[in-house]
Amino acid sequence: MTTLKSILGLLEIDSGNISVAGYDPIKSPIQVKELIGYLPEESSLYESMTVKELLDFITSIRNLNPESTYKTLDHLLTVLNARKYYT
C-alpha cells in the first residue's frame, strides 16, 4: 500500500524518484490522478451530498469541463433508462 500511495502522491517518499508518464506525483498530483484509476478500500462517498453535488465536486477537483461531463451523464442516463435515479 505504501508504494501505491507514493505513486499517487498521497505519501511523500524519502529518497529516489517516481514518475508517472513523465509527471512527478508530488509536483503534479492532478495530472497523475487523471492517468491512474484508484479505488480506496474505504468508501469515501460523502453521505451528506446528493449525487449532483458529488458530481459537481469531482468535476471541479479534476478540472473537468462541466458541460461535457453533464452531456455524457445525460447520454448515460438515457441509455441506461436511469434518469429516475438522478435527482
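The values are calculated or read from the model by the stated rules, or taken from the named source; none is laboratory data. Predicted model only: the values in this text are computed from it and were never measured. Cβ: placed from backbone, ideal geometry, glycine included. Neighbour counts: every protein chain shown.
Being of a type in the set (V, I, T) and out of contact with any strand residue (DSSP E or B) (no Cβ under 8 Å at 6 or more places or on another chain) is the filter; apply it to the stretch 2-35 and report the residue that is surrounded by the most Cβ atoms within 10 Å (Cβ to Cβ). I'd like the intermediate steps shown before the answer.
Of all residues in the stretch 2-35, those of a type in the set (V, I, T) come to 2-3, 7, 13, 18, 20, 26, 30, 32.
Filter once more, so that each one left must be out of contact with any strand residue (DSSP E or B) (no Cβ under 8 Å at 6 or more places or on another chain): 2-3, 13, 18, 20, 26, 30.
Details: T2: 9, T3: 10, I13: 15, I18: 15, V20: 17, I26: 14, I30: 12.
If we take residues in the stretch 2-35 being of a type in the set (V, I, T) and out of contact with any strand residue (DSSP E or B) (no Cβ under 8 Å at 6 or more places or on another chain), then V20 is surrounded by the most Cβ atoms within 10 Å (Cβ to Cβ).
Taking interchain pairs and intrachain pairs at least six residues apart, which have beta carbon atoms under 6 angstrom, with the first residue in the stretch 11-29 and farther than 17 Å from R62 by Cα and the second surrounded by 10 or more Cβ atoms within 10 Å (Cβ to Cβ) and among the charged types (D, E, K, R)?
Cβ pairs passing all conditions: L11/K5.
Residues being in a helix (DSSP H, G or I) and out of contact with any Leu (no Cβ under 9 Å at 6 or more places or on another chain): count how many of those fall in the stretch 45-65. Before the answer, list the steps.
So in the stretch 45-65, the residues in a helix (DSSP H, G or I) come out as 51-61.
Next cut, out of contact with any Leu (no Cβ under 9 Å at 6 or more places or on another chain) only: 51-53, 56-57, 59-61.
Qualifying residue count for the region: 8.
Which one is modelled with the lowest pLDDT, of the residues in the stretch 61-79 that are under 26 Å from G9 (Cβ atoms) and surrounded by 11 or more Cβ atoms within 10 Å (Cβ to Cβ)?
My answer is R62.
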